[in-house]
Amino acid sequence: SIDMVRNDTSGLDALFPSSQVAAQMFTKPLRTRDTIVNSPIVFYATTEVAEALQKHGIAKLEGETYTIPDTMKLLELIIQRKTWGSLGLTNLNGRVTIYSTNPAQSNSGVMLAGLFANLLNKNEVVTRQTVNGVLPKLKAFFAEQGYKSGNSDEIFNNFLSVGDQPLIAGYESQLIEVSLTQPQNGAYLRKNVRTLYPKPTTWTQHPLLVLTPNGERLATALKSPEFQKLAWEKHGFRAANPTVASDPKALKVTGVPERVQNTIAMPESDVMSKILDYLRQP
């Protein structure tokens, strides 16, 4: 997403980055900019990790939905370098962390960086005046993950198949889409995977940056109720069109709340650029 808005756009009708942060970094003239679909950032955990976090008061089961009522408590475990063993998970090696994609390459990593920067800033959106105070802890968090994938699908598929990263950050839409498109794996997913909704979380908006009249035609199609309904019921993206309901009952996937309300805004694009530049430094 970041490269998309920084590279040459000659001959293109539109850009479709994965976040509002990338869209704000695009400085060339636009015809229009419209949010097409949305998805909140969530954490995916193995069932044993979710249950251990619940036992230690970090996660909570609200109806059929797992939440993290105070995400800073989870972040404190990471900052304090607690081990999985300290949570009773003696079969897991190393320290507690939330694995993510590389924020220099992938939007889900960018969104997690912005969310955690806000949490480290006492649950307030980081500004130009406050960003320097959160950078060292933020850099340590990403550095201690080790290797980071550059692709959101790659880290999610690795989580499902390999299991060496028992707690990851991703989009709400990812597990929904897999559950809908791979019903043969439904029993495995219901048994082994839990979606955790952090409080606060942040919305990933998927905007269309329209450059030409052809791009405007595309925007009209993507904002139509027909497309918006398809995006939710087949792929798990919440509709930006207010006339289209994102009803969890239509998904037949458990644990998805009707609304995601406890959210915090991302920092401004220039603040995020400073964060990303700092994280890129050796």
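Scanning the range 138-156 for residues that are of a type in the set (Lys, Arg) and more than 12 Å from Gly109 (Cα to Cα) yields a single hit, Lys139.
Counting the residues of the range 68-85 that are touching a Leu at 6+ places or on another chain (Cβ under 9 Å) and surrounded by 15 or more Cβ atoms within 10 Å (Cβ to Cβ) gives 7. In the condition set (1) closer than 20 Å to Lys199 by Cα; (2) not in a loop (DSSP other than H, G, I, E, B), Phe227 is compliant with all but (1).
Of all the criteria given as (1) closer than 23 Å to Glu172 by Cα; (2) at pLDDT 95 or above, the one not satisfied by Ser149 is (2). I'd like the residue in the range 237-276 that is open to solvent by 80 Å² or more (accessible area, probe 1.4 Å) and of a type in the set (D, E, K, R) and, out of all such residues, is farthest from Leu196 (Cα to Cα). Within the range 237-276, the match that is farthest from Leu196 (Cα to Cα) is Lys274. No other residue among Ala104, Ala23, Ala50 is assigned to a loop (DSSP other than H, G, I, E, B), in contact with a Lys or Arg (Cβ under 8 Å, 6 or more places away or on another chain) and among the small types (Gly, Ala, Ser) apart from Ala104.
Within the range 213-225, residues that are touching a residue at least 40 places away in the same chain (Cβ under 8 Å) and of a type outside the set (Lys, Arg) sit with their Cβ atoms under 9 Å from residues that are in a helix (DSSP H, G or I) and surrounded by 16 or more Cβ atoms within 10 Å (Cβ to Cβ), at 6+ positions apart or across chains, in these pairs: Leu222/Gln228; Leu222/Ala231. Being open to solvent by less than 10 Å² (accessible area, probe 1.4 Å) and over 16 Å from the mean Cα position of the chain (by Cα) holds for only one residue in Ala14, Ala45, Ala59, and it is Ala59. Here Lys234 meets each of (1) surrounded by 20 or more Cβ atoms within 10 Å (Cβ to Cβ); (2) among the charged types (D, E, K, R); (3) in contact with a helix residue (DSSP H, G or I) (Cβ under 9 Å, 6 or more places away or on another chain) with one exception, condition (1).
On the basis of being at pLDDT 95 or above and of a type in the set (A, V, I, L, M, F, W, C), does Ala23 make the cut? In short, no. Considering the conditions (1) of a type outside the set (Phe, Trp, Tyr); (2) surrounded by fewer than 17 Cβ atoms within 10 Å (Cβ to Cβ); (3) closer than 23 Å to Arg259 by Cβ, Arg217 is excluded by exactly one of them, (3). Hey, could you check the range 203-214 for residues that are modelled with pLDDT of 95 or more and among the polar types (S, T, N, Q) and say which is most open to solvent (accessible area, probe 1.4 Å)? Restricting to residues being modelled with pLDDT of 95 or more and among the polar types (S, T, N, Q), the top hit is Asn214. Here is the figure for the range 136-173: residues that are open to solvent by 10 Å² or more (accessible area, probe 1.4 Å), of a type in the set (A, V, I, L, M) and farther than 18 Å from Gly236 by Cβ total 3.
For the residues Ser86, Ser106, Ser10, the requirement of being touching a residue at least 12 places away in the same chain (Cβ under 8 Å) and of a type in the set (Gly, Ala, Ser) singles out Ser106.
For the range 113-129, the tally of residues that are assigned to a loop (DSSP other than H, G, I, E, B) and either within 20 Å of Thr201 (Cα to Cα) or modelled with pLDDT under 95 (or both) stands at 7. Between Val96, Val110, the distinction of being at pLDDT below 95, crowded, with 20+ Cβ neighbours inside 10 Å, within 25 Å of Glu124 (Cβ to Cβ) and aliphatic (A, V, I, L, M) belongs to Val110 only.
The values are calculated or read from the model by the stated rules, or taken from the named source; none is laboratory data. Keep in mind that this is a model prediction, so the values were computed, not measured. Heads up, the Cβs are rebuilt from the backbone with ideal geometry, glycines too, and the neighbour counts pull from every protein chain shown. The area values use the complete protein model at the heavy-atom level, side chains included, leaving out ligands, DNA and RNA. Shrake-Rupley method; radii C 1.70, N 1.55, O 1.52, S 1.80 Å.
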